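Asker: Can you read through this structure? Questions will come right after.
The values are calculated or read from the model by the stated rules, or taken from the named source; none is laboratory data. Nothing here was measured: the structure is a model prediction, and the numbers come from that model. Positions of Cβ are generated from backbone atoms using ideal geometry, with glycine treated the same way; all protein chains shown enter the neighbour counts. SASA here: full protein model, heavy atoms, side chains in, ligands and nucleic acids out. Shrake-Rupley method; radii C 1.70, N 1.55, O 1.52, S 1.80 Å.
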Amino acid sequence: MSREMCYRCFWPKALCWCPSLLPMETRTRFVFLLHPKEFKEEKAGTGRLTHLCLPNSEMHMGKGFDDNPVVQALIADPANFPVLLYPGVQARNLSHGGLTAADLGGRRLVVFLLDATWSGARKMLRLSPSLQRLPRIMFTPESPSRYVIKQQPQAGCLSTLEAVHELLLVLERNGLDRYPQPDLLLGIFQRMQDFQLRCAADPNRPGYRRQPYSAPGDRKPTRGSKRDKFFRQPADVAKPAS
């Protein structure tokens, strides 16, 4: 018999996150674009938890977004400065001052994030020329991934939640936003992983792994991981449409 679910956080109601998710206001508008597999199948999806903590955010599911009227309205609004968080040689590195208040010119910064595996994100971008044409931003992470329950493909790989945390840090440092609760997102991330670790250690709980997780720093990188997301440039990164 299936468990009753909370269709806001998509966890079982007995484990619902919603009462403990505190809203954190930001100047920046975050737009999470979820691949259908991420939306429907990923139980530990950090993009959804991040969205629920940020009142100034929204979430859309799909593979291509050129026909999404809400996404297109955000891009076309002259009051917005829309950008895509996506690495590459043409991306502005905010850790090196790649975006300033003068660049925004009084407009609202709108950050689009592709929430998918790396291969899924490339496909989403390929199917969305309007996203390809957006200015791209990136950052240099201050810390390696804190993911314990998943192995990242290579150094520099981050979950969506960690990427937003790092982005908010650099936006505040550049005077583009405020990050009043820097421990909020990472605290949720740790609690979510602690729950998964407890489940893995419970011999009476079916369906969980029976081997302990090794520390992230002790693992060998594995390229091509199906379930992890990262924000480093691969060799075949998609190029903006001309």
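Asker: Using the Kirkwood formula on the Cα atoms of region 35-119, what hydrodynamic radius do you get, in angstrom to one decimal? Intermediate results must be reported in sequence, preceding the final value.
Answerer: Values: mean 1/r = 0.0680 Å⁻¹.
14.7 Å is the Kirkwood radius here.
Asker: Further, regarding this structure: Which value in nm describes the separation of the simple spin-label points at Gln72 and Asp183, placed 7 Å from the Cα toward the beta carbon?
Answerer: Label at Gln72, label at Asp183, 4.6 nm between them.
Asker: Towards the positive end of the charge dipole of region 78-143, with charges on Cβ (+1 Lys, Arg; -1 Asp, Glu), say which of Leu94, Leu127, Val111 has the farthest Cα.
Answerer: Leu127
Asker: Now a separate question. With every protein chain left in place and a probe of 1.4 Å, what is the accessible surface of Val170, to the nearest 10 Å²?
Answerer: Val170 has an accessible surface of roughly 0 Å² with all protein chains in place.
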